[in-house]
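The values are calculated or read from the model by the stated rules, or taken from the named source; none is laboratory data. Owing to the predicted nature of the structure, the values given are computational and were not obtained by experimental measurement. Neighbour counts run over all protein chains shown; Cβ positions are idealised from the backbone, glycine included. Ligands, DNA and RNA are excluded from the accessible area calculation, which covers all protein heavy atoms including side chains. Shrake-Rupley method; radii C 1.70, N 1.55, O 1.52, S 1.80 Å.
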Amino acid sequence: MMNNGKLRLIKIAGLLCMLALCLALAGCVVPEDDIDTSGNYVVTEGNLPFQSIAPTITNTPYVPPVTTATPTTVPTRNPYLPQSTATPTPAPGSIGVGNTANPVQSIVNVTPQIIVGVNTPTPAAGTSSSTTLQNGSTGAEVKKMQQRLKELGYLKGSADGDFGDATEAAVRAFQAQNGLTVDGKAGPATLNKLYSSSAKKAPTTTATNTPRPTNTPFTSYKNGDSGSEIRKMQQRLKELGYLTGSVDGDFGDATEAAVRAFQARNGLTVDGKAGTATLNKLYSSSAKRAYVEPTKTPKPTATPTPRPTATPKAESLNYYLELGVSGARVRTLQTRLIELGWLDGSVDGKYGNATEYAVKAFQARYSSLWKDGIAGPDTLKILYGAGAATTKTPVASLGMTLEPGDENPAVTAMQKRLKELGFYKSTADGEFGNVTKSALIAFQKANGLTADGRGTTATLNKLYSKDAKDAAAYKDEEDAKNEEDSSDTTTGGNNVSPENSGDVTVGGYTTLRWGDTGPAVKELQQALKNRGYYTGKLDSTFGSGVYAAVKAFQKQYGLKVDGIAGPATQMLLYNTSATSADTNTSLKKGSSGTKVRNLQYVLYELGYYDGTITGNYDDLTANAVRAFQIQNNLTPVDGVAGSKTLKVLYSGNALSATASSGSYTTLSKGSKGTAVVELQESLYKLGYLSEITGEYDNATVEAVKNFQRRNSLSVTGKADSDTQRNLYSGGANPAW
């Protein structure tokens, strides 16, 4: 029993000891309220299981007690330096959110402090930044940089947040003054130095490192302006290689051309005016210099044979280039024409009148090509091929201005063209003297241009165009105007005044003259245009162009050259007969009335009658009828306008008083002699043949075939009567 009682007491004592031990251990447990959700220990009031000191509240970051060095002073935040958004790494052993150090170890080994609101440290001014600011950059950082540059005396303008040329110049000046790489870009090294306390200020005497004139912002300069600012602009254009003339302070054509070239090279609007955008670019460091063609080493041979152009390839030449188009293909074409000598000037990629004229001149050297000024597949294959025809004197000038005193091939070409049009009578010697100037002024007046005697782009374009008015046409216009202004409409002696002839109508053809309008005039214009006499608009108005065209047609066909399109002129022009005319009536001496009046007028047009149109059949009328009968092989020759005579008179086949018999001997391959020379000369003038040999060879056969195709004749290659009559008529269609 005692043993059992002792055992029970021992068990109870053991339980009590265990209970006491548990209670003792319970004092080491941190209450649940003293543990935050992040796992960090939070110091609060309560019983600590170890000795501690009262906590001190401070805003100063914790510094471990083992460190005896003086803490580094954090500099004041610099507002100019781009700020980093990265969170600083906590000091080893510090207590804070995200610290992975053992919290118990920190509490045991160091004196705890409560940290309230620690600020993110500001990077020092020398901290490296990956930001690079340069010309074109904008924003707040650029504005801060500009403010700093102004503080240091490098920037004089406003801090607008726009990194322009002035800011770039200020950066360059700062870099040079502070021993940095001078590139105008504000990279890390430049910015670090700029925002540092050791940044050097700009010397008070240092000038702005920019070539701009002093009167910024710029105004706009144009052709005709002058002054010191124009001189500065010219000097800058000369530095960049766009201006080759003198710096005289006068904004003339040469300066305008240089401005246009600069604008085109630098991607600006090409208007020839020096506005703000153009001047800003001109005086900037990024302005592109003029393109200079690589210098070609002259070959030892005096006249080398042109080699085929590498591009484009022959098989790719399946396109057409003509007046008005532009682009890379036109540039290639112009380059080739310049190489061969047909075109002078700089390549501009625009198919203008000068290019068309050069192509047409090149085509004229080949009988197989149409002389139309259109660069089609056939023309291009020959042009880009080996052995392409060359010329020593260019026939057209591209983008040039020729001035009195100039002496070059372009002047020679201009003189030749003026000679073709009848304005220049002297030798084409290439010297732009007073005679050439006078001829050019006459051309300019005739074509409605500024008559200043200078070969400007507008003048040369018109000169080489197909609608350039020649001296004869201009004289005709002036004569017509003088006639129109004349108040004398009376007739006397044997002179005929068409003004008194009234509206003569024969077989549906009504007389048309200067000032008339309507569908009949438009039809007349079209017929003259089809035959190559008229190049103006189909505006249904009988003006100077129609007047000159009618006179040219009448002259070619031996008609009375008065510029009035009467029935005979229209019948020949339209190659028809006045079928509705009364040809059954017999008119003779003593007859009178409208029919006699019409007879007299048609005889007048054909050159047989030169009396007054009265409507009375007198001796003068009878003599004219007799002459007509003889010329047209009519019998009997009695001076009576019978049905047989009237049918021929009112037909489209009536021969004029000066016409030839109209019979021609057929010419074919192998023929020789004067007749062949005349044939070849006519084919040459019309652009079908390039050489006159006096022998009807293969080239002549091909030229005749081309002529027959263009004039709707039977294509045989033989010059029969129809072919020759058409060729010599003056109304034949040319090759172009």
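Data overview
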read-out: Filter pass, residue 468 being modelled with pLDDT under 85, in contact with a helix residue (DSSP H, G or I) (Cβ under 8 Å, 6 or more places away or on another chain) and aliphatic (A, V, I, L, M); value: no
read-out: Pair list, Cβ under 8 Å, 6 or more apart: region 585-597 residue more than 17 Å from residue 609 (Cα to Cα), other residue of a type in the set (A, V, I, L, M) and surrounded by 15 or more Cβ atoms within 10 Å (Cβ to Cβ); value: 585/646; 586/640; 586/641
read-out: In region 707-732, residue farthest from the chain's Cα centre (by Cα) [restricted to those that are within 20 Å of residue 529 (Cα to Cα) and at pLDDT below 85]; value: 725
read-out: Total residues in region 177-194, condition touching a Gly at 6+ places or on another chain (Cβ under 9 Å) and open to solvent by less than 10 Å² (accessible area, probe 1.4 Å); value: 0
read-out: Some residue of region 352-375 being touching a Phe, Trp or Tyr at 6+ places or on another chain (Cβ under 9 Å), over 19 Å from residue 465 (Cα atoms) and in a loop (DSSP other than H, G, I, E, B); value: yes
read-out: Enumeration of residues in region 707-721 that are farther than 15 Å from residue 736 by Cα, open to solvent by 70 Å² or more (accessible area, probe 1.4 Å) and charged (D, E, K, R); value: 718
read-out: Extreme residue, modelled with the lowest pLDDT, among residues of region 584-598 that are part of a loop (DSSP other than H, G, I, E, B) and either out of contact with any Lys or Arg (no Cβ under 8 Å at 6 or more places or on another chain) or of a type outside the set (S, T, N, Q) (or both); value: 584
read-out: Residue in region 392-410 that is farther than 26 Å from residue 335 by Cβ and among the basic types (Lys, Arg) present; value: no
read-out: Number of positions in region 262-279 that are buried (at least 17 other Cβ atoms within 10 Å of the Cβ), out of contact with any Ser or Thr (no Cβ under 8 Å at 6 or more places or on another chain) and closer than 26 Å to residue 454 by Cα; value: 1
read-out: Residue ID - nearest to residue 570 (Cα to Cα), chosen from residues in region 618-672 that are at pLDDT below 85, open to solvent by 50 Å² or more (accessible area, probe 1.4 Å) and within 60 Å of the chain's Cα centre (by Cα); value: 653
read-out: Whichever residue in region 518-549 is polar (S, T, N, Q) and either at pLDDT 90 or above or assigned to a helix (DSSP H, G or I) (or both) and, among such residues, is nearest to residue 732 (Cα to Cα); value: 530
read-out: Cβ pairs under 9 Å, 6+ apart, first in region 332-349 and in a helix (DSSP H, G or I), second open to solvent by 40 Å² or more (accessible area, probe 1.4 Å) and of a type in the set (Gly, Ala, Ser); value: 334/346; 338/346
read-out: Odd one out for residue 450, checked against (1) within 24 Å of the chain's Cα centre (by Cα); (2) under 25 Å from residue 690 (Cα atoms); (3) exposed (fewer than 15 other Cβ atoms within 10 Å of the Cβ); value: (2)
read-out: Leading residue by the ranking (farthest from residue 282 (Cα to Cα)) among those in region 137-194 that are polar (S, T, N, Q) and in contact (Cβ under 8 Å) with a residue 60 or more places away in the chain; value: 192
read-out: Complete set of residues in region 434-444 that are surrounded by fewer than 15 Cβ atoms within 10 Å (Cβ to Cβ) and either among the basic types (Lys, Arg) or touching a residue at least 24 places away in the same chain (Cβ under 8 Å) (or both); value: 434
read-out: Residue within region 478-498 that is in contact with a Phe, Trp or Tyr (Cβ under 7 Å, 6 or more places away or on another chain), modelled with pLDDT under 75 and open to solvent by less than 60 Å² (accessible area, probe 1.4 Å) present; value: yes
read-out: Positions within region 235-257 being free of Cβ contacts under 8 Å to residues at least 24 places away in the same chain and of a type outside the set (Ser, Thr, Tyr), in sequence order; value: 235, 238, 239, 243, 245, 247, 248, 249
read-out: Test: residue in region 599-608 that is more than 17 Å from residue 657 (Cα to Cα), in contact with a strand residue (DSSP E or B) (Cβ under 9 Å, 6 or more places away or on another chain), touching a residue at least 24 places away in the same chain (Cβ under 8 Å) and not in a loop (DSSP other than H, G, I, E, B); value: no
read-out: Leading residue by the ranking (farthest from residue 253 (Cα to Cα)) among those in region 421-433 that are touching a strand residue (DSSP E or B) at 6+ places or on another chain (Cβ under 8 Å) and open to solvent by less than 30 Å² (accessible area, probe 1.4 Å); value: 430
read-out: Filter pass, residue 474 being modelled with pLDDT under 80 and surrounded by 20 or more Cβ atoms within 10 Å (Cβ to Cβ); value: yes
read-out: Per-region count, region 559-581, residues open to solvent by 20 Å² or more (accessible area, probe 1.4 Å), in contact (Cβ under 8 Å) with a residue 24 or more places away in the chain and assigned to a loop (DSSP other than H, G, I, E, B); value: 7
read-out: Checking residue 704 against (1) among the β-branched types (Val, Ile, Thr); (2) open to solvent by less than 50 Å² (accessible area, probe 1.4 Å); (3) modelled with pLDDT under 90, the condition it does not meet; value: (3)
read-out: Residue within region 537-548 that is surrounded by fewer than 17 Cβ atoms within 10 Å (Cβ to Cβ), under 33 Å from the mean Cα position of the chain (by Cα), in contact (Cβ under 8 Å) with a residue 60 or more places away in the chain and more than 19 Å from residue 652 (Cβ to Cβ) present; value: no
read-out: Region 143-176, residues that are crowded, with 19+ Cβ neighbours inside 10 Å, at pLDDT 90 or above and either out of contact with any helix residue (DSSP H, G or I) (no Cβ under 8 Å at 6 or more places or on another chain) or among the small types (Gly, Ala, Ser) (or both); value: 144
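To keep it simple, each residue is scored yes or no on (1) open to solvent by 30 Å² or more (accessible area, probe 1.4 Å); (2) under 28 Å from the mean Cα position of the chain (by Cα).
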position	(1), (2)
383	no, yes
390	yes, yes
397	no, yes
400	yes, yes
410	no, yes
419	yes, no
